[in-house]
1. For region 268-278, check the following and say yes or no: at least one residue is assigned to a helix (DSSP H, G or I), over 16 Å from residue 458 (Cβ atoms) and either touching a strand residue (DSSP E or B) at 6+ places or on another chain (Cβ under 7 Å) or in contact (Cβ under 8 Å) with a residue 60 or more places away in the chain (or both).
2. Does residue 441 satisfy the criteria of being touching a Pro at 6+ places or on another chain (Cβ under 6 Å), assigned by TED's automatic domain parsing to the domain that holds residue 515 and not β-branched (Val, Ile, Thr)?
3. Which of the residues spanning region 503-533 are of a type outside the set (A, V, I, L, M) and in a strand (DSSP E or B)?
4. Which condition does residue 319 not pass, out of (1) farther than 25 Å from residue 367 by Cβ; (2) surrounded by 15 or more Cβ atoms within 10 Å (Cβ to Cβ), if it passes all the others?
5. Checking the structure you have, find out if any residue of region 495-502 is farther than 22 Å from residue 395 by Cα, assigned by TED's automatic domain parsing to the domain that holds residue 294 and in a helix (DSSP H, G or I).
6. Under 6 Å between Cβ atoms, at least 6 apart or on separate chains: pull out the pairs that start in region 298-327 with a residue that is within 15 Å of residue 441 (Cβ to Cβ) and assigned by TED's automatic domain parsing to the domain that holds residue 525 and end on any residue that is among the hydroxyl-bearing types (Ser, Thr, Tyr) and part of a loop (DSSP other than H, G, I, E, B).
7. Considering only residues that are out of contact with any His (no Cβ under 6 Å at 6 or more places or on another chain) and without any contact (Cβ under 8 Å) to a residue 24 or more places away in the chain, which ones fall in region 80-109?
8. Select, from 226, 215, the only residue that is assigned by TED's automatic domain parsing to the domain that holds residue 121 and either out of contact with any Ser or Thr (no Cβ under 7 Å at 6 or more places or on another chain) or modelled with pLDDT of 75 or more (or both).
Amino acid sequence: MASLFLVLVLVTAFDPGFTYVLEGESKTLKWPPAYHLKGDAIDILTGVIKPFEIWYSDKLNQSRVDYYGGTVKHYIVGENDEKYGKEFVVNPVTNEEETNVNVCKEKDFEGPATNFLGSVADFEYQGQETYNDRVLDVWKYYKNEEDDQKVEQMLYAYQDADGFDIPVVREVKASNLWIGTLKDHTVSRYYDFSKPADADLDYNLDATCKDTVKSSDFMEKLHLSSDVEKAFASYINRHNKNYGDDHEMRKEIFQNNWRRVVEHNKKNLGYTLTLNKFSDWTEEELANLKGTRLSGEHVGSVPFPHTEEEVEALVQELPDYYDMRIEGYITSVKNQGTCGSCWAFSTTAAVEGALARSNGGRDLDLAEQSMVDCAWGFGNVGCAGGLVDGAYKYILKHGLPTQMEYGLYLDEMGECHRENMTSFYNIKGFAAVPPLSVNAMKVALYKYGPVTVSINANDPLSAYNSGIFFDPSCNSAPANHGVVVVGYGKRDGVDYWIVKNSWGEDYGQDGYILMSATNNNCHILESAYYPIV
């Protein structure tokens, strides 16, 4: 009963009115073959509340999900063999020529149309409860997978006139028993059930999709490199932590990562790995987090102000250890969620730090969402990735509003509304740190503030736990992730960088990575920029 009590407390915080009534009756859960529902998903770990509207038809093998009142739409069309299909994504784009123009992109999709309610297997009937004066059936799902992972679900539903179950509230919790952490916790609420109209599922009736372009063509229009096209070719819909039919696949991924972590940590290589919230993610899902690419040039709006000789002289005067967090210049670690917006988070974090240095330590919480929505004219494509120098060019031209004024981060692409802002925080320019120079990086950090860098966030780095990260294989693949360096230090004779990530405080060392300064590890010294305020 303890877990049920926690569920009731959590859900009551959003919508009170539960009274528990236990019954000994046995039932079978059965979703309707077609449905239309509205609702919202509350991610307890990130704080994101995502409104949604879903449609599904088993007969048509089609489904659709809209986020934030239809700002972003996903139409999913399954093929006859139920193994392959197409996904059509509609989202707004703002560049320097147009504002909030909807674009429809076509992508390949694996499997039949998505049944957003998931599998009904292994749910057990618990009895009934009264919720807002309505008696609901209570269902529980519990899986303890070989003592490595625990998945719990509590579902509250009612039966319609046709005998199908209609969800009202659903809570999902996934725990890593190996290290005892909660890696997923969401509460979804559903309402306004109805039967879907065929027209609502037909992407052909969406005016935007009459001019559908392939994702690769869309990338080329925005002047991104072929690396971006290749990296996102297998991009799939964001994973709902309700495993359902994916259970065995997730289990295999988890087991492979578990073995890799154990084997690595036995080697005592100077850093440790762990099982974290990414340990059951597919390669495609991990790729979504890593949306930073190189533009092909390494040039700032202003030149780096020191010659190589000056750098070598200046570095002699620097302390061996410098951490801007101690100075109070660095804002708290943020979480980009499942949106590939690291390019926006890394540049915004650097601007926040530079502004704090210039105004006596007053931290500002600037809106990454404003760049996800509005910076499409600079080689950036919202949640599908972007360029660090492109982000700085946008900030140089338009500035950044505060999150308080622009609105909370959505973990999704939204409509640009910068014209409604009353104030922006601007930069005077940005400079490129000379590549492959440890000393130039140290001088830039100490004299000018945080530095945005592009790194290869490979599998070991995704599982980083502690220590100084150095992986000789990390340079075998190109940079794909934007982070910000906020200091440097030395441990046991090894120089390292203090790197702020955007994967939440539960990643690494309270959201940070200590990365070795040896041999340009993970390309960290190849594409570094800092803002000038």
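The values are calculated or read from the model by the stated rules, or taken from the named source; none is laboratory data. Not measured: the values here are computed from a predicted model. Cβ coordinates were reconstructed from backbone atoms using ideal geometry, including for glycine residues, and neighbour counts include every protein chain displayed.
1. For region 268-278, residues assigned to a helix (DSSP H, G or I), over 16 Å from residue 458 (Cβ atoms) and either touching a strand residue (DSSP E or B) at 6+ places or on another chain (Cβ under 7 Å) or in contact (Cβ under 8 Å) with a residue 60 or more places away in the chain (or both): absent.
2. no
3. Across region 503-533, the qualifying residues are 503, 509, 512, 516, 529, 530, 531.
4. Among (1) farther than 25 Å from residue 367 by Cβ; (2) surrounded by 15 or more Cβ atoms within 10 Å (Cβ to Cβ), residue 319 violates only (2).
5. No, region 495-502 contains no residue that is farther than 22 Å from residue 395 by Cα, assigned by TED's automatic domain parsing to the domain that holds residue 294 and in a helix (DSSP H, G or I).
6. From residues that are within 15 Å of residue 441 (Cβ to Cβ) and assigned by TED's automatic domain parsing to the domain that holds residue 525, the pairs are 298/527.
7. 80, 81, 86, 98, 101
8. 215
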